[in-house]
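Undergrad: Got a structure here, written out as structure tokens. Questions coming.
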Amino acid sequence: MLPETVRARLDLSYDGTDFSGWATQPGLRTVQGVLEDALARVVRQEAHPRVTVAGRTDAGVHARGQVAHVDIDAGAWARMPGRAERTPAEGLLTRLNGVLPDDAVVRSVAVAPAGFDARFSATERRYAYRVTDAVPDVLLRRHVLAVGRPLDVDALNAASSILRGLRDFAPFCKAREGATTIRELKELSWVRETDGPDTGLVVATVRADAFCHSMVRSLVGALLAVGEGRRHLDWFAAIASGSERSQAVAVAPPHGLTLEEVGYPEDAELAARAKATRGRRTLP
């Protein structure tokens, strides 16, 4: 007997330049809005499809490895193949990409394992922030931030090392009532790339169990002040030790930021992970 709904996992990518972020907003073009409209066109079920995403991205932020899930009526799912040789997942993938705009693509569709929740089952998100201190490659201008001063990668990494681990990131988060700002920052590192068209390219890798609102761009904004020599390491350490949002931190522009990957545990651990994530976090 078929279940009433089938939960589908969607892996997708998008260029955030012309989107007003992920979340649906009245009168604005958003990734969620475009994706849900596309689903409504191809699924054709009574209820409008609602998508749950691993990480909501801000306006102008890109994604290469975004993950979402959507619950589809079992009858509509069974109609997806259209041709006998296709599975429902293959049919949905083909149909979605046939109606989505050029700046968004679904890379894969699969039936989600039991207990899977795109947001709450995730164990980590990995972002990259790309900066250049050379004459920028015009073809990369929508995805790389150009800065006017040379970047000291050693200084960037020295400041970044202060933040790694489980801590309260309130100085770098926009406050939301009832929401915790405690996160585990698993990786924050900078590398200068020496190959390719932009030899001035410096890439930050930022990996954590989760991120609060504006956290990655705030971290990058504060770190760039150190990397450009405008601020000293002790200034950054003082900012990081604060207990509330710092007005001294400039939020880096969105176009340099890309969500690269979302990590999940083994299938048997998905439901437990989702339950644990929903609990309010505290420091030891």
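No value in this document is a laboratory result; all are computed from the given coordinates. Predicted, not measured: the structure shown is a model, and the values here were computed from it. Reconstructed Cβ throughout: ideal geometry from the backbone, glycine too, with neighbour counts over all protein chains shown.
Undergrad: When N counts the residues of the chain, how does its alpha-carbon radius of gyration compare numerically with 2.2 N^0.38 Å, as a ratio?
TA: Cα Rg divided by the expected 2.2 N^0.38 Å: 1.08.
Undergrad: Moving on to the next point. Mind putting a number on the dipole of the chain about its Cα centre? Charges go on the C-beta only, +1 for Lys and Arg and -1 for Asp and Glu, and I need it in Debye to the nearest 20.
TA: 560
Undergrad: Tell me the label-point distance for the pair Glu269, Glu184, using the 7 Å Cα-to-Cβ offset, in nm and rounded to one decimal.
TA: Output for this residue pair reads 0.9 nm.
Undergrad: Taking the dipole about the Cα centre of the range 124-266, with the C-beta of Lys and Arg at +1 and of Asp and Glu at -1, give me whichever of Val249, Tyr264, Ala158 is farthest to the positive side.
TA: Among Val249, Tyr264, Ala158, the one farthest towards the positive end of the dipole of the range 124-266 is Val249.
Undergrad: Also: Can you compute the radius of gyration and Dmax for the range 5-111, using only the Cα atoms, both in Å?
TA: 13.2, 40
Undergrad: Which one of Gln32, Pro49, Val6 is farthest out on the positive end of the charge dipole of the range 5-105, using unit charges on Cβ (Lys, Arg +1; Asp, Glu -1) and the Cα centre as origin?
TA: Val6
Undergrad: If the label point is 7 Å along Cα→Cβ of Asp102, which residues in the range 8-26 have backbone nitrogen under 19 Å from it?
TA: The answer is 13-20, whose backbone nitrogens lie closer than 19 Å to the label point.
Undergrad: Defining a contact as two alpha carbons under 8 Å apart and six or more residues distant in sequence, what relative contact order in percent does the chain show?
TA: Taking the mean separation of contacting Cα pairs over the length of the chain, I get 23 percent.
Undergrad: Next question. Put a dot 7 Å past each Cα toward the Cβ at Ala40 and Glu261; how far apart are the dots in nm?
TA: Placing both labels 7 Å beyond Cα along the Cβ direction yields 3.6 nm.
Undergrad: Let me ask something else about it. How many nm separate the modelled label positions at Val111 and Thr17, each set 7 Å beyond the Cα in the direction of the Cβ?
TA: Using points 7 Å along Cα→Cβ, the separation is 4.0 nm.
Undergrad: Let me ask something else about it. Which value, to two decimals, describes the C-alpha radius of gyration of the range 124-266 once divided by 2.2 N^0.38 Å?
TA: Output field value: 1.02.
Undergrad: In cubic angstrom, how much convex hull volume per residue do the alpha carbon atoms of the range 75-202 span?
TA: Spread over its residues, the Cα hull of the range 75-202 gives 214 Å³ apiece.
Undergrad: Asp154 to Ser243: FRET efficiency via 1/(1 + (r/R0)^6), r the Cβ-Cβ distance, R0 22 Å, to the nearest 0.05?
TA: 0.15
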